[in-house]
Each structure stands twice: as C-alpha cells, then as structure tokens.
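The next block holds one structure in the form of structure tokens; read it before the comments.
Readers should treat all values here as calculations from the given coordinates under stated rules, not as data from a laboratory. Just so you know, these numbers come straight off a predicted model, no measurement behind them. Glycine also receives a Cβ, built like all others from the backbone with ideal geometry; neighbour counts cover every protein chain displayed.
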Amino acid sequence: MAVESLPNFTRPARQRWESIPADIRQRLLANVWCGQCRHEVTITNFTGTIKGGDLLLVGEFPLPDIGVQEQLVESVASAQATAVAKRTEAAPLRQSAWAAFESTLFTSAESSTA
C-alpha cells in the first residue's frame, strides 16, 4: 500500500515509514499480531504516529476466517465450562470455611465471657 494513500500519518511517522523499503513495509502490514484473537493479521486503513521513539501503526483488520472463529468460540466455551466447574467445586469449600470461621469466632467470644 502506498504511503500517499495514508493521509493520517504524522510527518515524522511518514518519514520513518518511507525510510523502510517497500517490500519490508508490505511484510510488516501482513504480519501484525492481534492480541484479541492471538493470530497474525493484515491491517488496513491504518494511521501512523511516533510514540516513545517507535513508529506506531494503528489500523483495522478483517474478521479471521471461519476456522479461526470456530476455534475462538470453542476456546471461550471451554473456558466457561471450566469456570463453572471450579465455582461448583469451590462452593462447599467456601461454606465449610465460613462455618469454621463462625465457629471459631463465636466459640472464642463465648469462652471469654464465661
């Protein structure tokens, strides 16, 4: 993608971007890590600024293909099921701990008044 079609670059960012060879720029755009889907994506409609001395590109990317989307849905469903199981497992432990706490609290209070 030509820099000329990217009007939202700051001047220093545009200069830095233009200093990178065109083939490397294309590889950079096609190799962006998405923290949400945890896959490599290609960004489009991006802007460029310098932040902390680094060139920062912020853009959009299309939805991952259906296979990746299905993996994400399965991963979320599995995590939810694990969370439900852990909450279920923890419920009697909480009740037991609370009963032990109350027992200790009230037994100590009763012992000191006797």
Checklist entry - Which of the listed residues, L29, Q69, V84, is farthest toward the dipole's positive end in the chain, when Lys, Arg count +1 and Asp, Glu count -1 at the beta-carbon? => result L29
Next on the checklist: Between (i) 50, 28, 28; (ii) 86, 36, 19; (iii) 88, 32, 23, which entry matches Cα extents along the principal axes in Å as derived from the coordinates of this structure?
Outcome noted: (ii)
Item to check | Karplus-derived 3J(HN,Hα), 6.51/-1.76/1.60, for each residue of segment 74-80, Hz, glycine and proline x | outcome: 4, 5, 5, 4, 5, 5, 5
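Under the definition of Cα pairs under 8 Å and six or more residues apart, what whole-number percent is the relative contact order of segment 30-73? Provide the component values of the computation, followed by the final result.
Working: 45 pairs, mean separation 12.4, N = 44.
Contact order relative to length: 28 percent.
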Checklist entry - What is the antiparallel percent of DSSP beta bridges lying wholly in the chain, to the nearest 5? => result 90 percent
Item to check | Highest-first arrangement of 9-21, 61-73, where packing means the average Cβ count within 10 Å | outcome: 9-21, 61-73
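Multiply the residue separation of Q69 and C34 by 0.36 nm, subtract the distance between their alpha-carbon atoms, and state the gained length in nm to one decimal. Please list the in-between numbers first.
Details: separation 35, 0.36 × 35 = 12.60 nm, distance 1.34 nm.
Result for the pair: 11.3 nm of gain on full extension.
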Checklist outcome for this item: Net charge (Lys, Arg +1; Asp, Glu -1) of residues whose beta-carbon lies under 15 Å from that of L72, L72 excluded, is -3
Checklist outcome for this item: For 40-52, 22-34, ranked highest to lowest by mean beta-carbon neighbours within 10 Å, the order is 40-52, 22-34
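For the chain, what's the relative contact order in percent, using C-alpha pairs closer than 8 Å and at least 6 residues apart? If you can, show how the numbers build up before the last one.
Details: 76 pairs, mean separation 20.5, N = 114.
Averaging sequence separation for qualifying contacts and normalising by length gives 18 percent for the chain.
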